[in-house]
Amino acid sequence: MTERILMAHGSGGKLSHELITRCFVGRLANQWLSRQDDAACIDVGNSRFAFTTDSYVVSPLVFPGGNIGKLAVCGTVNDLAVSGAVPQYLSLAFILEEGLPFDVLEGIVESIRSVAEEASVHIVTGDTKVVPFGKADGLFINTAGVGHILAGINVSGDNVRAGDAIIISGSIGDHGMAIMAQREGLRFEGALSSDCAPLNGLISAMLQACPDIHCMRDPTRGGVATTLNEIASQSQVGMFIEAESVPVQPAVRALSEILGIDPLYIANEGKVLVFAPAAAANDLLKTMRSHKYGRDATIIGKVTDTNAGQVVLRSKLGTSHVLAMLAGDILPRIC
């Protein structure tokens, strides 16, 4: 029987990694692609640049806290920023479905303008295609982004070291739960809103306070748990996470419990995971908490020299278990 692509291959979890390894990494391997970071770091003369690309197929197009356009700019900016770059230039390509209302498109483009201005990036090129009704679910966006990397900065998924503190910039699962609630028409006491935000300002302040940050990653598809597993594998280290320390908003926790979903596997679009020397962690926390996108930053665990490639979670009850990479697809079309 012929094997076929499943929706779960787009989850960002185990099947996504198997797809990338099977179809792309071996055939297209080179020194930049093989690192599998969020952006490729490229030397041009005496300068270093980060280059990234992404595609956005979120449903619905508009959701509490953002829309597909804001998401596209923030996601691209953040992939550059967590690579240690100062984002500068973005491209945007639109695939529009026949029948999309002009006012929807214009509202999305206006949000792109607004968030690009906040992030101090320029949209410098783009493309537009239209496909027949029923072929694009309204609107898809592809982006690319370029930024320059400051001298002395070296962050990567293979830089993490035993003893590093693991920090998250704020509450987890906000984006995924906001999308879920919007799709299903669920209402809760307390706001459920996407955390979609450009993090380059926060990350710039972090790198000024601690240039020795080893790794940063925005935990999008697959959530914090999958991202931790990716980095543990890249650096061949172990990780120990305290569940009690992981910040989760009450509305997100309530909906997660109703649906039987662990917030550690839910997508985020405005949070950054940071791996930094333990000696610098407290000063780094102060810097993060002074920024509007890092007010709830907290240390959630540490890197260990045992159980290489694995993440261990200690529950609120004091028991410990391996926190595996996302296996299937909790919520498709999330970004």
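Close amide H partners of Leu199, meaning residues 5 or more places away or on another chain with modelled amide H under 5 Å apart, are Asn78. Which of these, Leu33, Leu71, Leu186, has the largest mean-square fluctuation under a Gaussian network model of the chain (Cα springs below 10 Å)? Looking only at Leu33, Leu71, Leu186, the largest GNM fluctuation is found for Leu186. Surface calculation, 1.4 Å probe, protein heavy atoms: Arg289 sits at approximately 120 Å² accessible. Other residues within the sphere of radius under 11 Å centred on the Cβ of Asp37, judged by their own Cβ, net out at -2 (K and R +1, D and E -1).
Within the listed set Phe51, Phe275, Phe94, the Gaussian network model of the chain (springs between alpha-carbon atoms below 10 Å) gives the highest mean-square fluctuation for Phe94. Among 280-286, 263-269, 293-299, the peptide with the highest mean count of other Cβ atoms within 10 Å heads the list, and the full ranking is 263-269, 293-299, 280-286.
Relative contact order of the chain, taken over Cα pairs closer than 8 Å and 6 or more residues apart, is 24 percent. Close amide-amide hydrogen proximity is noted between Leu150 and Val86, each under 5 Å apart and 5 or more residues distant or on a separate chain (H modeled in the peptide plane; Pro and chain starts excluded).
The antiparallel fraction among DSSP beta bridges confined to region 92-207 stands at about 45%. Counting protein heavy atoms only, region 37-149 has 58 percent of its accessible area on carbon and sulfur, 1.4 angstrom probe.
For region 127-191, the Cα gyration tensor yields ellipsoid semi-axes of 35, 26, 10 Å (square root of five times each eigenvalue, largest first, whole Å). Largest first, the extents of the alpha carbon coordinates of region 165-322 on the three principal axes equal 44, 35, 25 Å. Protein heavy-atom accessible surface, 1.4 Å probe, per residue over the chain: 47 Å². Over region 165-322, Cα pairs under 8 Å with separation of 6+ residues give a relative contact order of 43 percent. If Lys and Arg each add +1 and Asp and Glu each add -1, what is the summed charge of the other residues whose beta carbon sits under 10 Å from the beta carbon of Pro263? Surrounding charge for Pro263 is -2.
Listed peptides 160-170, 314-324, 248-258 appear in the order 160-170, 248-258, 314-324 once ranked by packing, highest mean of other Cβ atoms within 10 Å at the front.
Rolling a 1.4 Å probe over the protein heavy atoms of region 165-322, with every protein chain left in place, gives an accessible area that is 47 percent carbon and sulfur. Report, in whole Å, the centroid distance computed from the Cα atoms of region 158-208 and region 282-335. What the calculation gives is 11 Å, centre to centre. Dividing the summed -39500 (n - 2.57) terms of all DSSP H runs of n ≥ 4 by the residue count of the chain sets its mean residue ellipticity at 222 nm at -8500 deg cm²/dmol. Around Leu105, with a cut-off of 15 angstrom between Cβ atoms, what is the net charge of the other residues, counting Lys and Arg +1 and Asp and Glu -1? Neighbourhood net charge equals -4.
Close amide H pairs (under 5 Å, H built 1.01 Å from N) link Ala327 with Lys14, residues at least 5 positions away or on another chain.
Answer rounded, prolate or oblate for region 1-85, using the Cα gyration tensor with square roots of eigenvalues a ≥ b ≥ c: rounded when a/c is under 1.5, else prolate when a/b is larger than b/c, else oblate. Oblate, because a/c is 1.5 or more while a/b does not exceed b/c.
The values are calculated or read from the model by the stated rules, or taken from the named source; none is laboratory data. None of these values were measured; they are calculated from a predicted model. So basically every Cβ, Gly included, is an ideal-geometry build from the backbone, and we count neighbours across all protein chains shown. Heavy atoms of the whole protein, side chains included, go into the accessibility calculation; ligands, DNA and RNA do not. Shrake-Rupley method; radii C 1.70, N 1.55, O 1.52, S 1.80 Å.
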